Each structure stands twice: as structure tokens, then as C-alpha cells.
Amino acid sequence: MTGTGSPPLAGAPPTFAPRTSWYLVAMLALLYTFSFVDRLVLGLLTVDIGRDLQISDTQLGLLIGTSFAVVYSLAGMPLAHFLDRGNRKRIIVGGVLLWGGMTVLSGFAPNFGTLAICRAGVALGEAVLTPAAISLIADSFPPEKRILPTSIYAAVAALMTIGGMILGAAALQLAHLMEAGLEMAAWRLVLVMTGLPSVALGLLFALTVREPERGRYDDPALVGANNATLRAFLAHLRENGGFYLPLYVGGALVTIFLFGIMTWTPTLMIRAHGVDPATAGYSFGLIGMVFGFLGALTWPRLVVLLGRRGWRDPILLAIIGGCALGIPLTIVGPAMPTQTLLLVFMALIILMGCCISTLTPLVIQTYGPPRLRARLMSLVMLSQSLIGYGVGPLVIAMVARTWPDDGMAFGYALSATALLVMPTATVCYALARRALGRRPLP
């Protein structure tokens with residue numbers, strides 16, 4: 001429903017169509033929601049899948065985590081190259097149909113090999129969405145109106161990291177009611193039920209959304225096809241390395257800690273504070289959803305206020321502030337002696353940490369040329385996935401071995417990790433802002 005229209009007359013501002021632009025955001029948010037469901041649902045089905053397909057815990061770990069993260073990360077860059085050069089709507093539709101279809105096919109997998117291929121297809125399809133979404137939103141809203149729609153899209157991640165598991169659990173309950181009548185295992189029904197909505201949304205997106213004019217609100221000199229080549233992309237990174245290198249390193253470092261607390265806080269609650277697993281999951285999950293969503297809406301508002309007061313580069317300034325405020329919280333919080341204090345500090349840490357997930361897409365939209373935004377965003381995903389997701393939980397588990405047989409081991413390990421990564425990340429973002437001051441990006 002987002003019309004391409006014809007280029008505006010010279011000197012005339014492009015026409016902004018709020019309804020079609022917001023419809024695009026709503027569709028992208030829905031697709032993002034179900035991408036989390038299809039991504040996370042396998043974690044609820046491990047026991048039944050392992051029993052029926054005779055798959056080991058190690059193989060299940062590869063399916064759920066490592067293999068998915070590797071394909072998702074490495075596929076993003078080549079796919080983003082085509083997003084910057086071609087029709088983003090068609091590529092999104094292809095990606096959605098691929099991940100939804102592969103989720104459905106996972107429900108019929110007879111063995112580990114087939115399930116691994118299906119999971120690779122899910123990861124490959126999902127790798128398209130966020131780079132394309134950040135690029136499409138930038139071309140659908142004037143610069144001064146991009147903050148809210150981008151924040152809403154980013155807020156989906158804050159909600160669905162936990163909410164995806166809740167929707168998957170609801171599908172599992174329904175599947176248990178249906179499995180006898182359909183003569184199909186509940187875990188297989190869940191994968192079919194969660195994959196079909198993605199396929200349906202992909203078809204709806206194909207029928208009702210149009211490709212917006214690329215760079216319609218940007219300098220026409222930056223929108224030419226020559227600016228989308230691989231050579232132009234590498235030249236842009238090289239010329240602005242003082243900005244992008246600390247930006248990507250800073251995000252990866254913060255993600256090491258943030259994904260570490262998402263992985264190990266429930267274990268810390270169980271071992272150090274005597275909480276049963278279900279209570280740990282629900283209490284920490286609820287805090288994650290509430291304060292993640294609150295942070296996703298609060299940080300963009302702060303950017304607006306800083307901009308109105310005349311601060312230079314308010315997006316990066318807000319990220320620096322969030323990291324700096326998070327330093328004492330992240331160092332002290334995981335080592336709190338009681339469950340209540342631990343959850344209070346974790347709520348504040350999640351609130352602070354949302355400055356990264358919410359504001360980084362705005363950085364790419366603001367400083368990235370129109371035909372390079374998808375690739376620049378895919379580099380964010382690459383650095384955060386391979387380093388933050390791939391390294392974070394493992395490194396923290398290794399550090400925790402320093403305190404064997406101590407229930408607080410993961411708390412101490414998280415604090416030690418924060419002591420290293422959070423101040424370093426703050427310096428990285430400060431260096432990125434300094435680079436902008438010396439030579440603003442085109």
C-alpha cells in the first residue's frame with residue numbers, strides 16, 4: 001500500500017503519505033513478531049523432538065543456537081547487497097515465504113539432517129527482514145518522523161524475545177488437544193501452526209505493499225545506482241572507518257553482556273536464590289518484556305529532547321549516556337545477595353541496555369547512505385550475533401568456573417564481564433561520536 005509515486009518536482013518536498021507508511025510499519029512489525037515465534041519455538045520442543053527423532057542434546061543445541069546464528073549472521077551481508085540494489089519488497093516476500101515454509105516443513109522432518117536443513121532455511125529467510133525493514137522505513141518517513149516507527153519496529157524485539165516463547169507455549173497447548181484427532185505428534189503440529197501465519201503474512205505483504213521510492217527524502221546525489229556497488233560500500237566503510245569500527249565493536253561488546261544476562265540470569269536465580277525454574281522463567285521474563293518495551297519507547301524520546309536542546313549527534317549521545325549509566329548497574333547488579341534486589345537491578349540494566357537495540361537502527365538510517373543502509377545494518381547483525389550471541393554465553397560460563405561449587409558463580413562472572421566490556425563499549429561510542437565531529441558522514 002506504500003505507493004512509489006513519481007519523483008517530486010525540483011525544489012518541491014516529497015509528499016508524505018502517513019496511512020500507507022504506517023501500514024508498512026505495521027506489516028513489518030507483524031512479520032518481525034512471527035519471525036521470533038518461528039525462531040524460538042524449537043526451544044520448547046526439545047524433549048519431544050529428541051525422543052522421536054533420537055537426537056542428542058548436543059545436536060539440539062546446534063539446531064537451536066549455533067547453526068542458526070551462523071547462517072543468520074553470515075547470510076545477512078550478501079542478501080543485504082541485493083536489498084540495497086534491488087526491489088526490497090520482493091526480497092522480503094521471498095524471505096518470509098522461505099522461513100515460514102521451512103518452519104512448516106520442519107514439522108514433517110524424519111531425522112536430524114532434514115531438520116537441520118529446515119532450520120538453515122528459517123535462518124536464511126529471517127536474515128532478510130531487519131536490514132530491509134530499516135531501509136524501507138527510512139524511505140517511507142521524512143528524517144524528522146523516522147524515530148517513532150523505527151522505535152516501534154525495534155520494540156518488537158524487546159517484547160518477542162520472551163513473548164515468542166509465550167506464543168509458542170500457547171500453540172503447544174493447542175497442539176496437545178489436537179494431536180489425537182489428527183494422529184500427528186504435538187511438536188510437529190506446533191511447527192506447522194507457527195509457520196503457516198508467516199506464509200499468510202508474506203502473501204498479504206506481497207499483495208498490499210508497494211516498494212517505496214528509494215532515498216526520496218535524501219540527497220539525490222547519494223541515491224544513484226553507482227552508489228550501491230560493492231566497491232562503493234567498501235569505499236564508504238574505509239573512508240569512515242573511524243566511525244563504523246567503534247560503532248560495531250561497541251555494539252558487540254554490550255551484546256556480550258546483555259545476551260549473557262538473558263542466558264544465565266535464570267540459572268543464577270535457581271542456584272543462588274533457590275527459585276524454582278518455572279518461577280525464575282516467568283519472573284525474569286516478565287521483567288524483560290515490561291522494561292524492554294519501556295526502554296524501546298523511552299530512549300527515542302530522549303533523542304528527540306536532546307535534539308531540541310541543540311545537542312550535536314543526539315542519537316550517539318544517548319547511547320553513550322545509556323552505556324555510562326549502565327556501568328555501575330551491570331557491575332554491581334548480578335552480584336546482589338537477594339532475589340528481589342537482583343530483579344530490581346536486572347530491570348534497570350534491561351532499561352539501559354535498550355539504548356543499543358533501539359537506537360542503533362536510527363544511527364544507520366541517519367548516517368548511512370540510502371543505497372548502503374541494508375548492508376550497514378547487516379553488519380550490525382553480524383557483529384552482534386557472532387560476537388555477542390556466539391561468544392557471550394560461552395565466555396561467561398568459562399569465567400564462572402573461577403568459583404566452583406558457588407551458587408553465585410554466574411553472578412560474579414557477569415559482574416566481571418561487565419567490568420571489562422561496558423567501560424570499553426562506552427569509550428567506543430564516544431570515539432564514534434568524535435569521528436562524526438571531525439568529518440560528518442555524507
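Computed from the coordinates by the stated procedures, all read-outs in this text should not be read as laboratory data. None of these values were measured; they are calculated from a predicted model. Quick reminder, even Gly has a Cβ in these numbers, built from the backbone with ideal geometry, and neighbours come from all protein chains shown.
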Open item on the list: Less than 15 Å Cβ to Cβ from Arg188, Lys/Arg counted +1 and Asp/Glu -1: what total charge do the surrounding residues give?
Closed with: -3
Task: Cβ-placed point charges (K, R +1; D, E -1), dipole of the chain about Cα centre in debye, nearest 20 - done: 1540
Open item on the list: Give the average over all directions of the projected area of the C-alpha convex hull of the stretch 334-442, one decimal, in nm².
Closed with: 8.0
Open item on the list: Tell me whether the stretch 193-263 comes out rounded, prolate or oblate; compute the Cα gyration tensor, take square roots of the eigenvalues as a ≥ b ≥ c, and use a/c under 1.5 as the rounded threshold.
Closed with: oblate
- [ ] Just order 41-47, 116-122, 233-239, 143-149 by mean Cβ neighbour count inside 10 Å, highest at the front, would you?
- [x] 116-122, 41-47, 143-149, 233-239
- [ ] Give the shape of the stretch 19-76 as rounded, prolate or oblate, defined through the alpha-carbon gyration tensor: a ≥ b ≥ c are the square roots of its eigenvalues, a/c under 1.5 means rounded, and otherwise the shape is prolate if a/b is larger than b/c and oblate if not.
- [x] oblate
Task: Positive-end residue, the chain charge dipole about Cα centroid, Cβ charges, pick of Ile315, Thr358, Val41 - done: Ile315
Task: For Thr103, net neighbour charge (Lys/Arg +1, Asp/Glu -1) across residues whose Cβ lies under 11 Å away - done: 0
Task: Overall dimensions of the stretch 225-438 by Cα: Rg and Dmax, Å - done: 18.3, 60
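Excluding Gly94 itself, calculate the net charge of residues whose Cβ lies under 13 Å from the Cβ of Gly94, where each Lys or Arg counts +1 and each Asp or Glu counts -1.
So the environment of Gly94 carries a net charge of +2.
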Task: Highest-fluctuation residue, Trp99, Trp187, Trp311 considered, GNM on the chain with Cα pairs under 10 Å - done: Trp311
- [ ] Quick one: give the max-minus-min coordinate of the C-alpha atoms of the stretch 90-208 along each principal axis, largest first, in Å.
- [x] 54, 26, 25
TODO: Throw me the Rg/Rh for the chain, computed over C-alpha atoms with Kirkwood Rh, two decimals.
DONE: 0.97
Task: Lys, Arg +1 and Asp, Glu -1 on Cβ, resulting dipole of the stretch 28-164 about Cα centre, debye, nearest 20 - done: 360
